[in-house]
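Participant: Sharing a structure, written as structure tokens. Questions coming.
The values are calculated or read from the model by the stated rules, or taken from the named source; none is laboratory data. Given the structure is predicted, the values throughout are model-derived calculations rather than measurements. Virtual Cβ from ideal backbone geometry, glycine too; neighbours counted across all protein chains shown. Ligands, DNA and RNA are stripped out before the accessible areas are found, and what is left, the full protein with its side chains, is counted by its heavy atoms. Shrake-Rupley method; radii C 1.70, N 1.55, O 1.52, S 1.80 Å.
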Amino acid sequence: MPAIKTSRIGNAEQELCVITPESALNSNKISLLTFLDDNLERIYQDLYKYGGILFRDFDLINQEDFLQITSVFSKHNSFDYKDGNSPRTNLGNNVFTSTEYPKEYNITLHNELSYSSKYPKIISFFCETPAESGGETPVLDGRKFLSKLSSEIVEKFRSHGVRYSRFLSGKKGLGKTWMETFETQDKDQIELFCEKNNIEYSWIGDNLYLCQHGVGILKHPTTSEWVWFNQANQFHPSSLPEDIYKMLKLIHREQPDKYPQFATFGNGEQIPEEYLHEITKTSFESSLSFKWQKGDLLILDNIIMAHGRRAYSGVRKILVTMC
């Protein structure tokens with residue numbers, strides 16, 4: 001097999017491991033699947049060290065190639081997207097589109113499903129079509145991010161965690177319906193799922209109210225490092241475009257639990273909006289971005305590394321799997 005080259009992009013503050021063939025000219029002959037099978041232990045070591053690995057110039061062309069590759073990581077624990085809050089399409093075999101959010105907006109950095117008791121340990125992205133401009137997937141090492149925030153914010157999240165709530169409509173509107181969220185119209189199945197996954201729920205007419213408790217900071221189960229691990233700023237409606245947030249505040253000013261999504265500290269205390277703005281601003285400023293190339297594969301440790309999306313123009317197709 002041709003030689004493999006390992007390098008890094010970024011700096012000491014934020015960096016990614018990059019693995020490429022020694023000669024990209026012969027990339028169509030290089031099997032990433034074989035390389036992963038032969039070097040899986042090394043891959044996990046690099047993943048824990050850097051939080052993410054970018055594979056570039058290998059033999060990945062389409063969705064089938066991507067699924068084959070990610071099966072190396074998910075063979076013992078494939079991950080669906082039930083209870084997921086992001087609008088995305090299941091393309092089959094638990095391969096999804098990346099979040100289908102208007103291209104003119106950024107998506108805040110977050111750890112996937114960190115509001116849930118069931119979250120993926122690894123998330124993989126495959127670039128089938130890079131955007132004409134923009135569309136980067138910024139990544140953020142949650143271990144290093146702790147030192148970027150004020151100690152007051154860190155301690156509040158460490159002490160109280162986060163309470164996430166969702167008000168899911170039974171009709172099309174702002175956000176996903178409960179049928180789309182749970183991929184079923186069977187209320188009994190939804191209730192069973194909630195009970196198994198520590199989700200408080202109640203039916204309000206044809207609408208579903210959900211409440212979940214998550215940590216603010218998590219100890220990594222393998223490395224024992226403390227990591228910023230939540231998506232409070234993304235759940236809070238202040239992260240929405242200003243005109244939409246103003247409208248929602250007028251509608252729900254006396255009933256914040258009726259917001260499509262909301263977040264407080266775990267003890268029910270309101271999170272100051274200046275905290276949330278600092279988290280969003282600092283995470284983007286501290287993140288690492290790279291320009292997608294067709295065929296790129298990005299694998300992230302979903303506990304260590306948060307991810308987001310930059311606004312973009314043109315057509316962009318990034319596929320996602322979780323395990």
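Participant: Please list THR137, THR222, THR129 from largest to smallest accessible area, probe radius 1.4 Å, with all protein chains kept in place.
Facilitator: So, going from the largest accessible area down, we get THR222, THR129, THR137.
Participant: Now a separate question. What order, most packed first, do the peptides 4-15, 300-311, 50-61, 100-111 have when packing is the mean number of other Cβ atoms within 10 Å of each residue?
Facilitator: 300-311, 50-61, 100-111, 4-15
Participant: Let me ask something else about it. Cut-off 10 angstrom, C-alpha nodes, Gaussian network model of the chain. Which of ARG158, ARG143, ARG42 fluctuates the most?
Facilitator: ARG42
Participant: Just ILE244, ILE19, ILE271 to compare: in a GNM of the chain, with alpha carbon springs under 10 Å, which one fluctuates most?
Facilitator: Looking only at ILE244, ILE19, ILE271, the biggest GNM fluctuation is shown by ILE244.
Participant: Could you work out the relative contact order of the chain? I mean the mean sequence separation of Cα pairs under 8 Å and 6+ apart, divided by the number of residues, in percent.
Facilitator: Result for the chain is 34 percent.
Participant: Which of the listed residues, GLY205, THR282, LEU298, is farthest toward the dipole's positive end in the range 171-323, when Lys, Arg count +1 and Asp, Glu count -1 at the beta-carbon?
Facilitator: So the residue we want is LEU298.
Participant: Using Cα atoms only, what is the angle between the long axis of helix 63-74 and the major principal axis of the chain, expressed in degrees (0 to 90) to the nearest 10?
Facilitator: 80 degrees
Participant: Between SER147 and LEU33, what length comes free when the chain is fully extended (0.36 nm per residue of separation minus the Cα-Cα distance, one decimal in nm)?
Facilitator: So the chain would gain 37.3 nm between SER147 and LEU33.
Participant: Of the residues ASN62, ASN39, ASN230, which exhibits the maximal mean-square fluctuation in a Gaussian network model of the chain defined by a 10 Å Cα contact cut-off?
Facilitator: ASN39
Participant: Of the labelled options [x] 21.6; [y] 21.1; [z] 20.5, which one gives Kirkwood radius over Cα pairs in Å as computed for this structure?
Facilitator: Answer label, from the structure shown: [z].
Participant: Next up: Taking a cut-off of 26 Å between Cα atoms, list the lysines near LYS103, but don't count ones fewer than 8 places away on the same chain.
Facilitator: Of all the lysines, those that pass the test against LYS103 - Cα under 26 Å, at least 8 places apart if same chain - are LYS82, LYS171, LYS172, LYS176, LYS246, LYS249, LYS281, LYS291, LYS294, LYS317.
Participant: Could you check the spin-label model distance between ARG8 and TYR245? Points 7 Å from the Cα along Cα→Cβ, value in nm.
Facilitator: 3.5 nm
Participant: Pulled fully out, how much extra length does the chain show between TRP203 and GLU225, if you take 0.36 nm times their separation in residues and subtract their Cα-Cα distance?
Facilitator: Values: separation 22, 0.36 × 22 = 7.92 nm, distance 3.92 nm.
So the extension gain works out to 4.0 nm.
Participant: Follow-up question, since we're still on this one. Please give the helix 273-286 orientation as an angle from the longest Cα principal axis of the chain, in degrees from 0 to 90, rounded to the nearest 10.
Facilitator: It is inclined by approximately 10 degrees.
Participant: First measure r as the distance between the Cβ atoms of HIS213 and ARG42, then evaluate 1/(1 + (r/R0)^6) with R0 = 35 Å and state the FRET efficiency to the nearest 0.05.
Facilitator: The calculated FRET efficiency here is 0.45.
Participant: Also: Could you give the length gained by full extension between GLU285 and GLU195, i.e. 0.36 nm per residue of separation minus their alpha carbon distance, to one decimal place?
Facilitator: Details: separation 90, 0.36 × 90 = 32.40 nm, distance 3.88 nm.
Result for the pair: 28.5 nm of gain on full extension.
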